[in-house]
Protein chains: 2
Amino acid sequence: MTATIIDIAKKAGVSVSTVSRVLNNKPDVSKETQERIRATIKDLDYSPNKVARNLVLKRSNVIGFIASDITNASFPELARGVVVKAKEYGYSVMFFDAHKDSRVEKEAIGLLRSKQVDGIILSFNEANRDELLKLRDENFPVVQIYRKSSESMISTIAIDNVANGYLGTKYLLDAGHTRIGHITTGDLTQSGYERKLGYLKALTEANIDIDENLIVEGVSSVEAGRECMERLLDLKSRPTALFASHDVLAIGAYDAILDRGLSIPGDISVVGHDNIEIAKMIRPRLTTIDTFKYTLGQASVDLLIEEMAVESHQCKELVYPGELVVRDSVRIL
Amino acid sequence: MTATIIDIAKKAGVSVSTVSRVLNNKPDVSKETQERIRATIKDLDYSPNKVARNLVLKRSNVIGFIASDITNASFPELARGVVVKAKEYGYSVMFFDAHKDSRVEKEAIGLLRSKQVDGIILSFNEANRDELLKLRDENFPVVQIYRKSSESMISTIAIDNVANGYLGTKYLLDAGHTRIGHITTGDLTQSGYERKLGYLKALTEANIDIDENLIVEGVSSVEAGRECMERLLDLKSRPTALFASHDVLAIGAYDAILDRGLSIPGDISVVGHDNIEIAKMIRPRLTTIDTFKYTLGQASVDLLIEEMAVESHQCKELVYPGELVVRDSVRIL
DNA sequence: TTGTACGCGTTATCAC
DNA sequence: GTGATAACGCGTACAA
């Protein structure tokens with residue numbers, strides 16, 4: 001049986017309200033009683049029951065974080081950004097992993113709400129649209145990361161995928177490449193679609209005809225990247241460069257290229273996207289686009305806190321540009 | 001204003017107790033009233049306030065998970081194992097990242113307890129010994145992963161580091177190598193120390209004299225792995241093989257080896273430990289020791305649940321053997 | 001400056 | 001089968 005505020009009050013010979021006052025640093029309590037109370041708190045190793053406090057305050061100082069896939073390579077950095085910033089504001093973070101299952105995600109939202117979290121951060125995938133609308137209607141603070149708020153229903157932290165796609169492709173173009181392949185998650189994901197748009201834009205701008213054969217689609221995995229690259233390598237006129245819409249795909253492409261005895265960047269140059277941890281560890285080090293995941297994680301909390309402060313939904317949309325990280329996987333022609 | 005149990009009771013024309021009964025699937029409530037209540041619950045989109053429930057039940061169905069470093073490469077798989085298994089038991093997981101700071105870890109423990117979590121899982125590092133003792137004294141359910149419970153104070157899920165160190169080294173020995181270097185986190189970490197023990201044991205068993213120059217210490221990072229390997233490479237008589245006590249170290253070693261124009265496994269064979277995701281992506285694919293992180297995560301929850309069921313601490317210690325994953329980084333002589 | 005009493009939403013005990 | 005009502009531990013008007 002851990003001590004309660006009543007125990008403290010009795011032991012210190014005061015009322016519970018007085019104890020509560022010092023607990024919450026309220027004024028109007030004499031120095032002496034204050035010290036006496038503080039002492040007995042230490043003495044009994046008392047710590048307020050947050051559950052009871054939450055019940056009366058109707059807030060928990062907890063924010064929920066639902067990752068659609070906790071094994072996503074971007075998760076750790078993002079999560080750390082969230083945790084660090086949340087802590088600054090005095091919030092704890094409750095994580096859920098939806099396993100890419102939107103039904104699970106819906107459950108998580110319900111659970112989080114019933115636990116009276118003060119806000120929710122959703123990340124990665126396309127969410128249940130109706131759930132989001134419900135949240136929005138109830139003015140419940142939510143922000144989503146890496147998701148496109150189709151009709152700006154809720155506040156979003158996003159990255160500028162089109163610009164990034166353009167950036168990566170343009171770099172290859174500037175390096176002298178004209179036959180540039182693209183491995184993409186395509187229409188499966190919003191981000192893949194947008195990055196492809198950037199890729200197309202760069203080529204068009206450079207007056208290079210789009211060759212549909214150079215664009216191959218797959219899910220976001222090493223295996224898929226490998227298969228896609230193999231198809232590219234099988235082309236009669238194969239590309240001299242590749243822009244992969246995700247580092248994981250680029251890594252798969254590495255496999256395919258190196259397995260054929262080809263060299264990177266000697267024969268094929270590669271640019272990825274995301275700058276996941278592995279990017280700087282593989283050989284040759286992967287030139288890719290950094291998306292500042294740690295910063296994004298922090299920003300999402302800032303935005304959520306803001307969202308919690310205002311009365312009604314704001315539907316802000318912050319989009320962050322990426323930055324090219326030049327390493328060793330591109331050959332300058 | 002979300003609906004409460006009272007609203008349901010009023011609307012359905014019954015008492016709160018009856019509503020509570022159907023909410024908790026208790027017997028003794030007529031089919032009709034049951035259905036009527038269920039209907040109004042649906043109608044008002046009511047969901048019980050878990051905070052209030054926790055307050056009276058003195059349990060939260062939440063387990064706390066404190067990672068000493070959320071960016072640890074083993075974290076995602078471990079975390080997923082924990083989340084998945086916890087969910088099976090009807091528990092949610094609250095994550096904390098201690099940033100390798102034991103002071104932060106202590107805070108997290110306090111916070112988790114004040115939030116009335118039903119148990120705590122600690123992972124990776126050496127914990128605050130006194131905090132653990134306190135938890136133990138209060139019979140609060142805790143299990144630690146990857147930590148050595150020095151005096152078996154609390155239940156532990158561990159891996160057999162000595163056996164793993166032996167396993168990795170023995171494999172190299174069997175492949176015909178006799179001059180085997182070892183990069184280790186050394187005495188900095190319990191696990192590093194133990195794996196080194198396994199390394200020494202294998203060599204001794206094979207009647208090979210221990211050459212202290214072949215054992216280099218560093219922190220667990222790619223950079224450190226690189227530096228350590230460079231020292232090994234600078235030796236007048238350099239090793240033909242390396243056992244790294246962590247894949248991250250092995251990856252750093254790769255850098256050093258390849259930068260000198262040496263080949264893996266042509267000139268130097270490498271065996272790592274942990275089988276982190278990157279291990280199968282780098283070239284050559286790293287032969288390493290798998291530690292079944294996902295399984296360990298699940299096992300830790302099983303153990304915690306068990307711990308919560310019994311009255312007093314059990315201090316069970318489950319140790320899991322690792323398994324060699326043969327890939328392409330070792331040359332058979 | 002300090003104490004009393006009520007409410008937060010739920011479960012559980014006891015009546016009826 | 002159903003309904004009052006007392007907890008659970010805390011914050012906060014309001015009173016003293």
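Throughout, read-outs are computed from the coordinates displayed, never taken from laboratory work. Quantities reported herein were computed from a predicted structural model and do not represent experimental measurements. All Cβ positions, glycine included, derive from the backbone under ideal geometry; neighbour counts span all protein chains shown.
What the table shows:
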| read-out | value |
| --- | --- |
| Ordering of B:52-60, B:299-307 by packing [mean C-beta count within 10 Å, highest first] | B:299-307, B:52-60 |
| Per-residue mean of C-beta atoms belonging to partner chains within 10 Å, peptide A:70-78 | 4 |
| Anchor A:Lys42: lysines whose Cα lies under 22 Å away (excluding residues fewer than 8 positions away in-chain) | A:Lys10, A:Lys11, A:Lys26, A:Lys31, A:Lys50, B:Lys106, B:Lys115, B:Lys134 |
| Label spacing, shortest first and in nm, from A:Lys100 to its equivalents in the remaining copies (7 angstrom along Cα→Cβ) | 3.2 |
| Per principal axis, descending, Cα span of the range A:1-131 in whole Å | 56, 28, 27 |
| Cβ crowding within 10 Å averaged over residues, with A:15-26, A:269-280, A:284-295 ranked highest first | A:269-280, A:284-295, A:15-26 |
| Cα shape, the protein assembly as shown, gyration tensor, a/c 1.5 rule | oblate |
| Within 10 Å of each Cβ in B:241-254, the average number of Cβ atoms from other chains | 1 |
| For chain A, built as a Gaussian network whose Cα springs stay under 10 Å, the top-fluctuating residue of A:Asp209, A:Asp255, A:Asp69 | A:Asp209 |
| Lysines whose Cα lies under 16 Å from that of A:Lys280, excluding same-chain neighbours fewer than 8 positions away | A:Lys293, B:Lys280 |
| Low-density loop positions, chymotrypsin sites (Phe, Trp or Tyr not before Pro), the range A:67-105 - DSSP coil, at most 16 other Cβ in 10 Å | A:Tyr89 |
| Inverse of mean 1/r across different Cα pairs in the range B:189-333, Kirkwood, Å | 16.7 |
| Measure of compaction for the range B:121-209 (Cα Rg per 2.2 N^0.38 Å) | 1.36 |
| 10 Å Cβ neighbours from other chains, averaged over peptide A:46-53 | 5 |
| Point-charge dipole on Cβ atoms (K/R +1, D/E -1) for the range A:37-105, about Cα centre, debye to 20 | 400 |
| Cα convex hull volume per residue for chain B (Å³) | 163 |
| Debye, to nearest 20: dipole size of the range B:189-318, +1 on Lys, Arg Cβ, -1 on Asp, Glu Cβ | 500 |
| Trypsin sites (Lys or Arg not before Pro) within the range A:168-220: DSSP coil, no more than 16 neighbouring Cβ in 10 Å | A:Arg179 |
| Förster-model FRET efficiency, 25 Å R0, A:Ala309 and A:Asn128, C-beta, rounded to 0.05 | 0.45 |
| Residues of type lysines that A:Lys196 reaches as a straight line, Cα spacing below 18 Å, ignoring anything fewer than 8 places off in the same chain | A:Lys148, A:Lys170 |
| Dipole magnitude of the protein assembly as shown, debye to nearest 20 (Cβ charges: Lys/Arg +1, Asp/Glu -1, about Cα centre) | 1720 |
